[in-house]
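All remarks here apply to the structure that follows.
The values are calculated or read from the model by the stated rules, or taken from the named source; none is laboratory data. Source: prediction; values computed, not measured. FYI the Cβ positions are ideal-geometry reconstructions off the backbone, even for glycines, and counts take in every protein chain you see. Note: accessible area is taken over every heavy atom of the protein model, side chains too, but ligands, DNA and RNA are not part of it. Shrake-Rupley method; radii C 1.70, N 1.55, O 1.52, S 1.80 Å.
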Amino acid sequence: MHLEIKNLHTYYGLVHMLKGVSLNVNEGEIISILGRNGAGKTTTIKSIMGLAPSSEGSVILKGEEITNFEPHEVAKKGISFVPASRGIFSTLTAYENLKIFHLKHSKWNIEDVFKLFPKLEKLKFRNGNSLSGGEQQMLAIGRSLVINPSVIMLDEPSQGLAPMIVEDVKEMLLKLKKEGMSIILVEQNLQTALDVADRVYILDQGEIVFEGKSEELSKNKKLTLKFLGVST
Amino acid sequence: MSSSYVKNPGNLQNLFNQIKDKELSPVDLINSYINRINDTQKDIEQWKTYDFEKAIETAKLREQQVIDNNILGPLHGIPVGIKDIIHAEGFKTEFNCKAFKDTDVSKLDSGVVLALRSAGAIILGKTHTTEFAFYDPSPARNPHNPNHTPGGSSSGSGSSVSSGTVPMSVGTQTMASVNRPAIYCGISAFKPTNGSITTYGISPLAPSFDTPGFYGWSIADACYGYNSVSLNDKLPLKSLNKEDVNIVSIIDDLTSDINPNVSKQIEETKSMLKELGFNVEEKKSPVKFNDLLDFHWEMLIYETGKNLQFLLNHPEELIGPRLLQIIKDGLNINIEKYTETKSKLNRSINKFFSSFNKNTIFIFPAIPNSAPVGLESTGEPKYIAPWTALSGPIVSCSTGLDDNKMPVGILLCAHPFKDRYLSNFCLDVYNKSEYFTGLKL
């Protein structure tokens with residue numbers, strides 16, 4: 001098991017957001033966390049990242065306990081996080097956005113990122129603020145690679161993107177999977193998740209209420225209607 | 001081991017971020033505090049009144065506004081408690097005075113409540129106050145030990161945050177009424193420069209000093225509350241250049257009775273600041289703090305007499321004895337004497353601040369001792385009152401517990417109208433040192 005989350009409990013103020021969340025992701029596997037607004041999806045990845053410290057439970061990466069490490073330490077250990085806001089520096093070019101995050105020892109250099117995502121190379125001299133939403137998403141994913149992760153966590157990468165661009169993003173994720181990357185994908189868009197994920201978790205009010213293969217979920221209309229408010 | 005009544009209600013900036021990012025429902029948040037009130041109110045009596053139904057209704061509205069991408073401001077969906085001398089539409093304002101028991105609900109918001117609502121806050125209810133913010137006590141108790149006072153006059157505002165029933169509350173200060181309850185209750189508070197935040201709709205005591213102040217668990221929370229409603233400070237929120245900050249620990253005879261538990265906090269604070277790379281020096285105050293205390297008290301009595309003399313029209317048995325006495329005393333002071341005192345205070349303020357550069361952060365003990373036993377006295381205000389008289393912003397920073405497991409702490413102060421500068425300093429040290437992140441439970 002590459003990354004294992006055991007019995008995670010996290011509070012915002014007095015609100016018990018995560019009530020014993022457990023999940024895992026293997027090497028070269030894509031898992032998706034689904035759920036309604038406020039179900040605890042983003043909180044789960046923020047807790048893994050050390051951005052929302054948990055009061056109980058553990059985060060174990062390649063056998064090493066990294067629970068509640070500082071976010072930069074979690075990143076150094078090999079987990080990168082692409083937030084929903086993408087966090088692109090607007091006055092830096094796409095190339096500079098990659099350059100300032102690039103770690104010397106990373107197996108991914110900037111040219112490798114361009115090879116994997118050729119569309120990004122054409123944009124390398126454009127400033128962050130002149131990129132479209134989809135281009136920014138591509139850059140944010142590219143940037144998450146240059147810190148040499150073995151796990152990438154993405155928070156709603158399809159949010160606000162045109163359907164054609166969402167297809168590009170899905171393609172990018174599948175390419176990364178082929179490279180052996182473990183991916184945790186937080187999604188509200190059920191179809192996007194089902195299209196790329198090997199396994200799916202559904203969170204509801206801070207608890208895992210379903211865990212299984214994507215095919216199992218796509219057949220279970222009752223479940224998707226109950227917890228996601230949509231029918232497959 | 002802390003009392004089970006003490007609970008950290010959460011960091012305001014984080015709560016706001018989670019609400020804005022649709023991770024935290026304002027309805028879930030308000031319900032968590034309602035549950036906490038139900039668990040503690042009977043023993044701590046922090047709240048004078050609350051309206052759960054209205055608060056939940058507003059939380060639902062705030063939730064819909066988040067979905068519609070209509071974030072009102074930095075307090076969107078954040079529940080707030082209001083001291084019961086401050087008018088808030090839909091709530092009675094009883095001033096903890098028997099003569100106002102059957103008063104109608106307020107039809108208008110005070111200026112500060114209006115500002116809070118504009119920033120998206122949810123007014124959860126009214127917190128207990130001493131009678132008209134003077135000495136006659138309120139029923140509120142100290143969450144660290146319910147046999148001790150939470151301090152006054154904003155007694156309930158301090159204990160409501162310290163007991164985890166609300167992440168932010170508002171009080172008022174004329175003498176030490178914001179900063180003292182914060183320290184006694186082990187939390188933090190920001191008292192802005194006198195007169196810099198509107199007092200419209202707040203019952204006056206001594207308008208030369210009356211100022212609303214903001215409570216939160218840590219100095220970052222207290223500053224966040226202030227920054228959410230302040231309009232008149234142009235300095236941006238940013239990190240400070242350590243070389244530009246001049247930290248001065250003020251020495252004055254007034255603190256000769258300080259308990260070693262408290263003086264230890266000052267020494268530790270100085271060491272922590274030096275460790276962070278700040279230049280810290282000790283300086284004797286250029287004016288006597290005992291004189292400031294005298295000038296402040298005389299002005300306060302005079303102004304209270306003038307502002308609250310209408311209470312003499314009510315039956316005496318409905319007015320607290322200490323309040324009644326000060327009104328009568330105040331009415332016996334003539335205007336010439338008052339004007340002369342005011343001039344002396346103004347000269348002292350000028351002398352004090354002209355002795356230090358504008359970028360000075362002052363540190364000073366907040367209290368001689370932790371909160372005393374009993375509710376009859378709201379404790380000792382004399383270390384804080386001279387700073388109120390000096391009129392600049394004051395932050396209470398709880399730094400530890402004494403031998404009786406009661407909170408103690410220090411004041412961080414700045415030149416008048418350097419509120420944002422003080423706030424930036426507080427946020428800077430909060431981010432850099434665990435020591436400044438509030439009491440550890």
- Message: Could you order the peptides A:81-90, B:141-150 from most to least packed, using the average number of other C-beta atoms within 10 Å per residue?
- Response: B:141-150, A:81-90
- Item | Among B:269, B:193, B:339, residue whose mean-square fluctuation peaks in a GNM of chain B (springs only between Cα atoms under 10 Å) | B:339
- Item | Relative contact order of segment B:216-364, defined on C-alpha pairs under 8 angstrom at six or more residues apart (%) | 33
- Message: I need the calculated FRET efficiency for the pair residue B:431 and residue B:98, taking r as the beta carbon distance and R₀ as 35 Å, to the nearest 0.05.
- Response: 0.15
- Task: Please calculate the 1.4 Å probe accessible area of residue B:100, with all protein chains present, and give it to the nearest 10 Å².
- Result: 40
- Query: Looking only at Cα atoms, what is the convex hull volume of segment B:289-353 per residue, in Å³?
  - Reply: 82
- Work out, step by step, the length gained on full extension between residue B:256 and residue B:350: first 0.36 nm times the residue separation, then minus their alpha carbon distance; give nm to one decimal. 31.4 nm
- Query: What ranking, highest mean first, results for peptides A:156-169, A:14-27 when packing means the other Cβ atoms within 10 Å averaged over each residue?
  - Reply: A:14-27, A:156-169
- Task: Please find the FRET efficiency linking residue A:56 to residue B:357, where r is the Cβ-Cβ separation and R0 is fixed at 56 Å, and quote it to the nearest 0.05.
- Result: 0.70
- Residues of segment B:300-441: accessible area per residue with a 1.4 Å probe, Å²: 40
- Message: With the crude spin-label approximation of a point 7 Å out along Cα→Cβ, what separation in nm comes out for residue A:171 versus residue A:22?
- Response: 4.0
- In Å² (nearest 100), what accessible area is buried between B and A, both sides summed, heavy protein atoms only, 1.4 Å probe? 1000
- Query: How far, in degrees from 0 to 90, does helix A:163-178 lean away from the longest principal axis of the Cα atoms of chain A, to the nearest 10?
  - Reply: 90
- Quick one: helix A:133-145 against the long Cα principal axis of chain A, what's the angle to the nearest 10°, folded into 0 to 90? 90
- How do A:172-179, B:378-385, B:11-18 rank on mean C-beta neighbours within 10 Å, highest first? B:378-385, B:11-18, A:172-179
- Modelled FRET efficiency - R0 25 Å, residue B:54 with residue B:20, Cβ distances, 0.05 increments: 0.65
- Item | Average accessible area per residue (Å²) across segment B:12-241 - probe 1.4 Å, nucleic acids and ligands excluded | 31
- Message: Rounded to the nearest percent, how much of the accessible area of chain B (1.4 Å probe, protein heavy atoms only) is carbon and sulfur?
- Response: 49
- For segment A:1-54, how big is the tail of P(r) above 17 Å, as a whole percent of Cα pairs? 35
- Looking only at B:62, B:180, B:322, which one moves most when chain B is put into a Gaussian network model with springs between Cα atoms under 10 Å? B:322
- Item | segment A:3-228, accessible area per residue, ligands and nucleic acids excluded (1.4 Å, Å²) | 44
- For chain B, modelled as a Gaussian network with Cα springs under 10 Å, which listed residue fluctuates most, B:84, B:136, B:253? B:253
- Which of A:104/B:20; B:358/B:432; B:92/B:344; A:19/B:238 have a Cα-Cα distance over 31 Å? A:104/B:20; B:92/B:344; A:19/B:238
- Diffusion constant of the protein assembly as shown at 10 °C, which comes from Stokes-Einstein with the Kirkwood Cα-pair radius and 1.306 mPa s, µm²/s: 59
